[in-house]
Amino acid sequence: MSNLRLIAARIIDQVTEGRSLSDCLDSILSSINDPRDRAFVQAVCYGICRFYTRLDVILSHLLEKPMKAKDSDVHALLLVGLYQLMAMRIPEYAAVTETVNATKTLKKPWARGLVNAVLRGYLRRREHIEQDIQLDPEALYAHPMWWIDAIKNAWPDRWQDILHANNVQPPFALRVNQQHMTREHYINELQTQGYLSQIISETQHGIILKIPISTDALPGFSKGDVSVQDGGAQLAAELLDLTPKQRVLDACAAPGGKLTHILEIEPSLSAVIAVEKDPARTPSIYENLTRLQMHVDCICHDASDVDGWWDGQLFDRILLDAPCSASGVIRRHPDIKLLRMPTDIHVLAKEQLHLLISLWPLLKPGGLFLYVTCSIFPEENVHVLQHFLAMHRDAKEEKIAENVGIPCAIGRQIFPGMHDMDGFYYARLRKILPTIQHASRE
């Protein structure tokens, strides 16, 4: 069996080179047979991404000089060792020994002595180092400095709470399929099998399982009785105000959670069109539809290139879950801290506005447009809507009456951890007929 610490180190090395953690894990975990070993590798990788900057600052206290770029594999292995000692319930001797043994296949004989010295040095100096790093914001808050500055600038009264929430493991949230059973019925079914849960009161169909389990063990998952979906994401379909015979567009539809929720809430829609730009993500839509025994017309195309996919029929409802910084879901995808760059926010805001402008003509007069991001940055949210409304007299905000998140100048913002949800922004726009101004007669 391959050394699990080395597997984790190689995954972290790939993440620091720009690959997403979920992609790395998907390609590697399937080759690990023992579920306990898979769980260990996953826990180490998520933990390191969550506390990467803190671990890196600790490592800088233990190294005489920075690691060379060509030795990024050893650097990642050192982080694996430090994370075990810092945050996992593993005997210290086992964590050190197994991490040192992982150096054997690196073909760098010097790495064995370095890894051993660094990890044992941490054990000797742990208390002193932990005190020192309290003065370093990147270590204290476990975020790169640009993230700290950006969040502080966006939410000066909430930034510390947001940073703290980003470092907490998210709850295991579920959505009960109302076409199969009520939420209360499923909660009772869970209880009979020994699983405790609670409702997400801000949603119609959401619950949180007290102790996460695999979807294979989740009652009724394979039959479509329930789906894994954060409570904040569940608000999208609910806010669309769906009724029978409507024609609905889900732009940027992958992975299909909001799409399938739309069909669960209102199965009698006249048509539902799903558009997804990324061909690598479209299979996830079909997987969800197949499990839930649903059918939707899915189009792999850039939603903003309307002429390339639209059949000319207007929509009653449009859901735009716009590509964004994902700054509201860091606790669920901690590698976002490492993968995002400061310049991304402005680029994404331009794309979001372009999508909104491109899709607006496809909405019927009187129709409802729901703009959604999983971002906490106003530049991707309120600022985009303000710019759009300034250009479109036929658009009017429709206030979200639901008491969720906080009200913004336009729309509502949910912060990570609020209502046990991830961070989301929602804004509803109603298409109105422009007022015709008649010239007065003299």
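If I filter the stretch 246-255 down to residues being open to solvent by less than 40 Å² (accessible area, probe 1.4 Å) and not hydrophobic (A, V, I, L, M, F, W, C), which single residue comes out as nearest to Ser201 (Cα to Cα)?
Asp250
State all residues of the stretch 295-307 that are farther than 14 Å from Leu362 by Cβ and crowded, with 19+ Cβ neighbours inside 10 Å; if no residue qualifies, say none.
Once the filter is applied, which keeps residues that are farther than 14 Å from Leu362 by Cβ and crowded, with 19+ Cβ neighbours inside 10 Å, the stretch 295-307 yields Val296, Cys298.
Tell me which residues, restricted to the stretch 13-48, are touching a Leu at 6+ places or on another chain (Cβ under 6 Å) and in contact (Cβ under 8 Å) with a residue 40 or more places away in the chain.
The answer is Val15, Ile48.
What strands (runs of 3 or more DSSP E) completely inside the stretch 265-340 contain at least 3 residues that are without any contact (Cβ under 8 Å) to a residue 60 or more places away in the chain? Walk me through it before giving the result.
On the way: elements: 271-276, 297-300, 315-321.
Of the strands (runs of 3 or more DSSP E) lying wholly inside the stretch 265-340, those with at least 3 residues that are without any contact (Cβ under 8 Å) to a residue 60 or more places away in the chain span 271-276, 297-300.
Quick check on my filter: what residues within the stretch 1-38 are open to solvent by 60 Å² or more (accessible area, probe 1.4 Å) and not in a loop (DSSP other than H, G, I, E, B)?
Arg10, Thr16, Asp23, Asp26, Ser27, Pro35, Arg36, Arg38
Assess whether Val44 counts as being among the β-branched types (Val, Ile, Thr), crowded, with 16+ Cβ neighbours inside 10 Å and over 27 Å from the mean Cα position of the chain (by Cα).
no
Got a sec? Which of Leu319, Leu263, Leu314, Leu269 is crowded, with 20+ Cβ neighbours inside 10 Å and touching a strand residue (DSSP E or B) at 6+ places or on another chain (Cβ under 6 Å)?
Leu319 is the lone residue from the list that is crowded, with 20+ Cβ neighbours inside 10 Å and touching a strand residue (DSSP E or B) at 6+ places or on another chain (Cβ under 6 Å).
What are the residues in the stretch 98-135 that are open to solvent by 60 Å² or more (accessible area, probe 1.4 Å) and polar (S, T, N, Q), if any?
Residues satisfying the conditions are Thr105, Gln131, Gln134.
Checking the structure you have, find out if any residue of the stretch 100-119 is of a type outside the set (A, V, I, L, M, F, W, C), part of a helix (DSSP H, G or I) and under 30 Å from Ala236 (Cα atoms). Outline the logic, then answer.
Applying the first criterion (of a type outside the set (A, V, I, L, M, F, W, C)) to the stretch 100-119 yields 101, 103-105, 107-109, 112-113, 116.
From what is left, the residues that are part of a helix (DSSP H, G or I) are 101, 103-105, 109, 112-113, 116.
Next cut, under 30 Å from Ala236 (Cα atoms) only: none.
The answer is no; no qualifying residue exists.
Checking Arg89 against (1) assigned to a helix (DSSP H, G or I); (2) within 32 Å of the chain's Cα centre (by Cα); (3) over 22 Å from Asp13 (Cα atoms); (4) of a type in the set (Lys, Arg), only one condition comes out false. Which one?
(1)
Restricting attention to strands (runs of 3 or more DSSP E) lying wholly within the stretch 351-442, give those where 1 or more residues are crowded, with 20+ Cβ neighbours inside 10 Å and of a type in the set (S, T, N, Q).
Strands (runs of 3 or more DSSP E) meeting the threshold: 363-373, 412-414.
The values are calculated or read from the model by the stated rules, or taken from the named source; none is laboratory data. Keep in mind the model is a prediction, meaning the values are calculated, not measured. Neighbour counts are summed over all protein chains in view; Cβ atoms, including those assigned to glycine, are modelled from backbone coordinates with ideal geometry. The accessibility values were calculated without ligands, DNA or RNA, using every heavy atom of the protein model including side chains. Shrake-Rupley method; radii C 1.70, N 1.55, O 1.52, S 1.80 Å.
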